[in-house]
Structure formats: structure tokens, C-alpha cells
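K.L.:
Got a structure for you, written out below as C-alpha cells; questions coming shortly.
The values are calculated or read from the model by the stated rules, or taken from the named source; none is laboratory data. All values derive from a computational prediction rather than experimental measurement. Neighbour counts run over all protein chains shown; Cβ positions are idealised from the backbone, glycine included.
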């Protein structure tokens, strides 16, 4: 469930925060567009409030910066 796009038997769910609060998605929704865009990520982000999206993106940026600092010595 950490990836934000957990799947369970019979339905797909998209986590909306670290506590894995989930939004149930109908099974018949496509997971990817014809040109390869991952629609589950779009649905996951749109299931959040603007404040939750901002918080998620800020965490992602902090993680990337930590990784860059860790790799700078290599």
C-alpha cells in the first residue's frame, strides 16, 4: 500500500495519505490512457484536497533532495 495505488481483489483503491485512507474506484476504469499515461496516479491526486496534494508533493521534493545529497559524495 505504500506506493499509493494498492489493489485488492474485486476493486482498485487509491491511497490519499500516509494512513492509507482509500477511495474506491470502479473496476471498469482504465488504468492507462492510449498513449501510456498512468490514469491511476491522476485519479489518486485528484482524490486529494489541494492542501493534501501540496503536502504530498512537498514530501516528494524533500525525498528527492535527500537522495541528491546522499549521492553527491559518490
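K.L.:
Every residue in the stretch 27-74 that is part of a helix (DSSP H, G or I), in contact (Cβ under 8 Å) with a residue 12 or more places away in the chain and touching a strand residue (DSSP E or B) at 6+ places or on another chain (Cβ under 7 Å), please.
P.N.:
Answer for the stretch 27-74, where residues must be part of a helix (DSSP H, G or I), in contact (Cβ under 8 Å) with a residue 12 or more places away in the chain and touching a strand residue (DSSP E or B) at 6+ places or on another chain (Cβ under 7 Å): 40, 43, 44.
K.L.:
Of these, 39, 29, 46, 57, which one is over 12 Å from the mean Cα position of the chain (by Cα) and modelled with pLDDT of 50 or more?
P.N.:
Answer to the selection: 29.
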